[in-house]
Amino acid sequence: MEIEKQAGSFRVYQRKINLGMLNRATHTLLYYRQCAHHSNRKDECQKVNSVQVYNLILQGYANKKNFKKMTELFRCLKEDGINPDATTYALMLSCLGQQEVSENNTQIIRLYLEDLNKEDFTLEDVFSQAEVLEHDLKCALQAVTQVDPNFGIEQARTETKYSCNLVNNLNTTMHSTKDTNSKSVQQVPSPAHGIVTQEMLNKWIKEQFALETSSQLVINSIEKKEESKDTHHYRKILEDWEEKWRSVLHQTFITQLGVMKKSFYGSGLDKRMTIYPYLVSLPPEEFISVMMQEIQRLARGSESFSFTKYMMFRRLGELVYMRYVVKYKKEVGVLDKLKDELADSYCNGPALEHSPVEWPNTVLTSIGKFMYSIILLKVMLWNPLHLEKHVYPAIYEVERTKGYRTVDEIKPSPSLVELYQKAAKPTLTFESIVSPMVCPPIPWVSTNLGGYLLNDAKIVRLPYSAYQQKQRMEECGNQQLYPIMDSLNQLSSIPWRVNKPMLEIIIEFKDRIFWFPHNMDFRGRVYPCPPHLNHLSSDVFRSILKFAKGEKLGPNGLRWLKLHLINLTGFVKREPVDERINYCESIIEDILDSADYPLTGRRWWTKSDEPWQTLAACKELATALRSGNPEEYVSHLPVHQDGSCNGLQHYAALGRDKIGAISVNLAPSKAPQDVYSDVAALVETERQKDAASGNPIAKVLEGHVKRKVIKQTVMTTVYGVTRYGARLQIEKQLKALDDFPASQRWAASHYLVHKTFLCLEKMFTSTKEIQNWFTDCAKIVSETRSENLEYITPLGLPVVQPYSKFVGDQISIGKLPSTFYTDSFMKPNVMKQKNAFPPNFIHSLDSSHMMLTSLHCQQAGITFVSVHDCFWTHACSVNIMNKICRDQFVALHKEPILEDLSRFLQKKFGLSKGFCR
């Protein structure tokens, strides 16, 4: 908790030291230390009680070889009752190792060695646990060998094996099993094997480095517009205005920076923290570039939707921070070290995980606010545009009412929007982090290293205030998270291409291979990092993606390709597999016509549930059939296997509900089961009974109890939908029925909600009990214990539900220090905690099952990609993937999941054994 309080100030000290303001950082530390000693109200002062802050300043003086200053700081640290850590002693020894060898120096080294022993540290602890650069370790070793010439550092062995029952078998069997007749053990092949050479890889790594160091990606717009004289005229006007904006923004930024510098270095030597050190962390041109890009983004944005002003401030600060991370890694040598590592040549240098400390949320927001203040004040434009006479602000602040709240927003003027629309610039500019990677991502080897080469990618996507889950992940150690990291690595390692027949107009990536680095949300649900072009996007985006590496269809691939095509249409999804194959063959002429004449033919593909993916499958099937030998045809098209109401599947397995399991396809069946139709049939049976008994609403509903009326309610039951929410869902569906009387909707929706929940409880006898237990546990933890609910997934991911709120009036909240903006210092939002726990836990189970399938597919040597509960692979390996999917679902639910959760809650929150049973 104390470290959390010091997080913000810790980052400010680091900025000052990195900018050569070591004396300023020291003055600031001593200023707050003095305040703490002389203040009677210590809750209001910024008392420094974190050893990390001292270590930062000690690092600066160690680099300067100023041991006298280090001794003073070490004495202050001890006087304040702060325990030195391994890093503290490593830095003290590093500075001593850089002094001239003398008897006095050797005696001082002995004293510090004795002191670290008193603190229960060993030299091995110091050299294995200290968070310092390699140079400091070498200097520390020189100091130690003055006292003990025989001392040497042993290379610490990193444990790489899994420590989870569900995947321990992979510790000894992580090899390809595709060739079952081979007697020799084959290592798992790379997904890019055979399509990428080392020479190509080296070239693409250089391109990725260049992309990330430039921070921006400029691509040609694919929007087709006829360019007229007016277009060129307005384009020239826009270029002139952008040049003016760039100039005035630069001039104003420099002027404002000068004012802040004068205050920062003023004679009064104000030691309080400011954002000035952050504003000089990058060249002014970088800030101007971010501001210019923001102007373009606003001009091309939506009129109806806008982020709040606060969110836009923070976003701008984050863009600055991302550029600073790249610059920092270049300066400290991480970039050069990484280049050598990727080239398979060892070199000395900082650890690859070495990166700057994150900037506090308030700093990010303040930086964005500062930049926006300049934009709002200095970016001007003609209004109206065609008069070219009077200038007004091009961007302004507005207040909007959203429901019962009034929010501040920042919007572009109509003139600015008009100018960008008429200029129709031929290029688009993006931050490099939104683009797919043109080389394989760095594997996740820790919570701090993975994904992009230089850009900062978080392994878990968390709200800015969610500190606790980060802390839990650090506490549990990397080994517990290895299965999760390796699943992310497997998904990230799949190379992709653009499906050129589907989208010839894609220019930037159509002729090359690319990768999607992955990370996850707080529950463990996995997502690609690039937000726009990825396989989780819409039907159109999915249709233009294919695996870069193809596989021959083999004896079963053509059958799975046909089935995949028909599944996408949604036409005969309740029919047995053989009948769906027969249906595909009966309409083969329509399929071939769609492939050959997609826009001018019979356009059968447009009637599909997923039309663009259906068209892609039509083209793939047509090419395979016309290849002459479909078994030898090399297919790149992903084939999907979608889950059927996965949430209810997990509930049925947890509660061992046999009837429910049959309805969600957990039991053998000739034809696919449809839980929505099954529930609708039960509801209809209940309605008939009530109608026979004279219930007027039951009589009105005759002929209207259909699958689509109750589908959304059944689907969202697993996610904790309330009766109120379910009634609104059903009322909406009844409203869509033209022949249902409007006067009866309210009563009918109430009736159907009651019957739907009743029938679900009959089918899934234990589901409601489990949901109620989840809700009760969350309520006790958040309401009685006043803590955010936590749990650990079956694969070892610590989860903390990030639903908190401040308690108190806005004035009191505004007086809180910036470091208090974390969930550790906020009250749990009890309603959100208890409503969210059931769906969150099920999402975590679903993600665990996906990760298990991912790891075992990698072990089997087959391609695997997931869209949550929809699994993708090549047509030839669907059989293998399906077996792995079923086996891992069984393995997951053989574990005592609810019992383990109960034990964790008892231990963590002290809940009684009787309650947790």
Report, ordered by chain and residue number, the lysines lying within cross-link reach of residue 689, taken as a straight Cα distance under 20 Å and ignoring same-chain residues fewer than 8 apart.
699, 706, 755, 762
Summing -39500 (n - 2.57) over every DSSP H run of at least 4 in the chain, dividing by its residue total and rounding to the nearest 500, the 222 nm mean residue ellipticity is -17000 deg cm²/dmol
Just to confirm, what accessible area per residue do you get for the chain at 1.4 Å probe, in whole Å²?
47
Protein-only accessible surface order, largest first, of 218, 867 at 1.4 Å:
218, 867
Highest average packing first - 395-402, 360-367, Cβ atoms within 10 Å
360-367, 395-402
Links exceeding 30 Å between C-alpha atoms in this model, out of 203/562; 65/203; 832/908; 411/708; 309/768, come to 203/562; 65/203; 411/708; 309/768
Pairwise centroid distance, computed over Cα atoms, of the range 480-503 with the range 188-245, Å:
22
Principal axis box of the range 65-179, alpha-carbon based, largest edge first, Å:
67, 33, 22
Ordered by packing density, taken as the mean number of other Cβ atoms within 10 Å over each peptide's residues, highest first, how do 461-469, 286-294, 52-60 rank?
52-60, 286-294, 461-469
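Which whole-number percent of Cα pairs in the range 226-425 have a distance greater than 31 Å?
When all Cα pairs of the range 226-425 are counted, 34 percent exceed 31 Å.
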Separation of alpha-carbon centers, the range 845-890 and the range 580-635, rounded to whole Å:
26
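Compute the signed sum of charges (Lys and Arg +1, Asp and Glu -1) over the other residues within less than 11 Å, Cβ to Cβ, of residue 548.
Result for the neighbourhood of residue 548: +4.
How much of the accessible area of the chain, probe 1.4 Å, is carbon plus sulfur, in whole percent?
51
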DSSP loop GluC sites (Glu not before Pro) in the range 229-263 with at most 16 other Cβ atoms within 10 Å of their Cβ, which ones?
none
Once you list every other residue whose beta carbon is under 12 Å from the beta carbon of residue 233, what net charge do they have if Lys and Arg are +1 and Asp and Glu are -1?
-1
In the range 427-525, the GluC sites (Glu not before Pro) that sit in a DSSP loop and have at most 12 other Cβ atoms within 10 Å of their own Cβ are 504
Per residue, the convex hull enclosing the Cα atoms of the range 658-763 spans a volume in Å³ of 102
Residues whose built amide H sits under 5 Å from the amide H of residue 870, excluding neighbours closer than 5 in sequence, are 643
At a probe size of 1.4 Å, how large is the accessible area of residue 746, to the nearest 10 Å²?
150
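Only Cα pairs under 8 Å and at least 6 apart count here; give the relative contact order of the range 226-425 as a rounded whole percent.
RCO, the range 226-425: 28 percent.
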Exposure ranking of 405, 497, 300, 523 by accessible area [1.4 Å probe, largest first]:
405, 300, 497, 523
Could you tell me which GluC sites (Glu not before Pro) in the range 64-162 are loop residues by DSSP with no more than 12 other beta carbons within 10 angstrom of their beta carbon?
100, 154, 159
Mind checking the alpha-carbon convex hull of the range 551-635 and giving the volume per residue in Å³?
82
List the aspartates and glutamates whose Cα sits under 19 Å from the Cα of residue 261, skipping any in the same chain fewer than 8 residues away.
270, 285, 286
Distribution of pairwise C-alpha distances over the chain, 10 Å bins, in %:
2, 9, 16, 21, 22, 16, 9, 4, 1, 0, 0
Of the beta bridges DSSP finds with both residues in the chain, what % are antiparallel, to the nearest 5?
95
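List every DSSP H helix in the chain whose Cα atoms extend 27 Å or more along the helix's own long axis and whose mean Kyte-Doolittle hydropathy is at least -1.0.
229-264, 309-332, 830-860
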If the cut-off is 18 Å between C-alpha atoms, which lysines fall inside it for residue 425, apart from same-chain ones fewer than 8 positions away?
224, 225, 229, 236, 244
Give the peptides 653-661, 433-441 in descending order of average Cβ contacts within 10 Å, highest first.
433-441, 653-661
Count charges around residue 703 for me, please; just the other residues with Cβ under 13 Å from its Cβ, Lys/Arg as +1, Asp/Glu as -1.
-1
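The values are calculated or read from the model by the stated rules, or taken from the named source; none is laboratory data. The structure presented is a predicted model; accordingly, all values stated were derived computationally and were not measured. Using ideal geometry, Cβ is built from the backbone for each residue, glycine included, and neighbour counts are taken over all protein chains shown. Remember, those area values only see protein heavy atoms, side chains included, never the ligands or the DNA or RNA. Shrake-Rupley method; radii C 1.70, N 1.55, O 1.52, S 1.80 Å.
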